[in-house]
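What follows is one structure encoded as structure tokens, with my remarks underneath.
Where a number appears in this text, it was derived from the coordinates with a stated rule and is not lab data. These figures come from a predicted structure and were not determined experimentally. All Cβ positions, even for glycine, are placed from backbone atoms using ideal geometry, and neighbour counts span all protein chains on display.
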Amino acid sequence: MTKVYYYNPNKCCHKHEHSHENHHKSSCHKPPKKDCEPKNLGLKCKEICGAVNIPFINLATTPPVQTTLGNVSVDLRCYDKPKLKIDFSAIANLNLTAATNFTLTFRVYRRCDNGPEVEIDTIVIPNTIPVTAAIVASSPVSFSICDEDFCPGECCTYRITVEGTSTAAITGSFNISKGVISTLVTEQC
């Protein structure tokens, strides 16, 4: 016997069609698993606007300031228990007027529906370019993270920020350009 799967554009999922006689104590009720063959797979890709002239911050005198690089929204209505992979890649253009060490810190946040925004990962990239004098340099940046242990809503938005810091006096700025955020989502069966 052969199973036939089809896509109905008017109804993509059946996860809320059953009725409940009683209310569950859990804030993240999971209905019975769907038939996961073939696996539901979603891809979203978005270029970022980037950011220019972001100042490096001396942590000894100033708290860090986050700059939003971009965000991507993911439709999760068709998933009971989604598993997401978030990829980010860009070019960091550095403009330092004095020799010093620095760190770029990227933060990934998630907000589902109208819920609170939650930081789900922090990626710290230490200086890998030897800075012995004033420089203008470019460096590729890329990272991937997985997100799977959360109560999905109908839509989750992932936001990526960056901050440039040093523990010493620093004069300079950086740009983030030519960036892409992409998500790949599948059902955990």
- Item | Spin-label pair residue 144/residue 122, simplified geometry with 7 Å Cα→Cβ offset, distance in nm | 2.4
- Note on the structure: Eigenvalues of the alpha-carbon gyration tensor of region 88-189, times 5 and square-rooted, give semi-axes in Å, largest first, of 33, 13, 11
- Note on the structure: Here the residues of region 148-167 lying in the modelled label zone of residue 49, meaning backbone nitrogen under 19 Å from a point 7 Å along Cα-to-Cβ, are 157-164
- Task: Any chance you could run the full-extension gain for residue 98 through residue 41? It's 0.36 nm times the residue separation minus the Cα-Cα distance, nm to one decimal.
- Result: 15.7 nm
- trypsin sites (Lys or Arg not before Pro) within region 44-121, DSSP loop, no more than 13 other Cβ atoms inside 10 Å: 77
- Query: Using Cα pairs under 8 angstrom and six or more residues apart, how large is the relative contact order of region 41-187, in percent?
  - Reply: 50
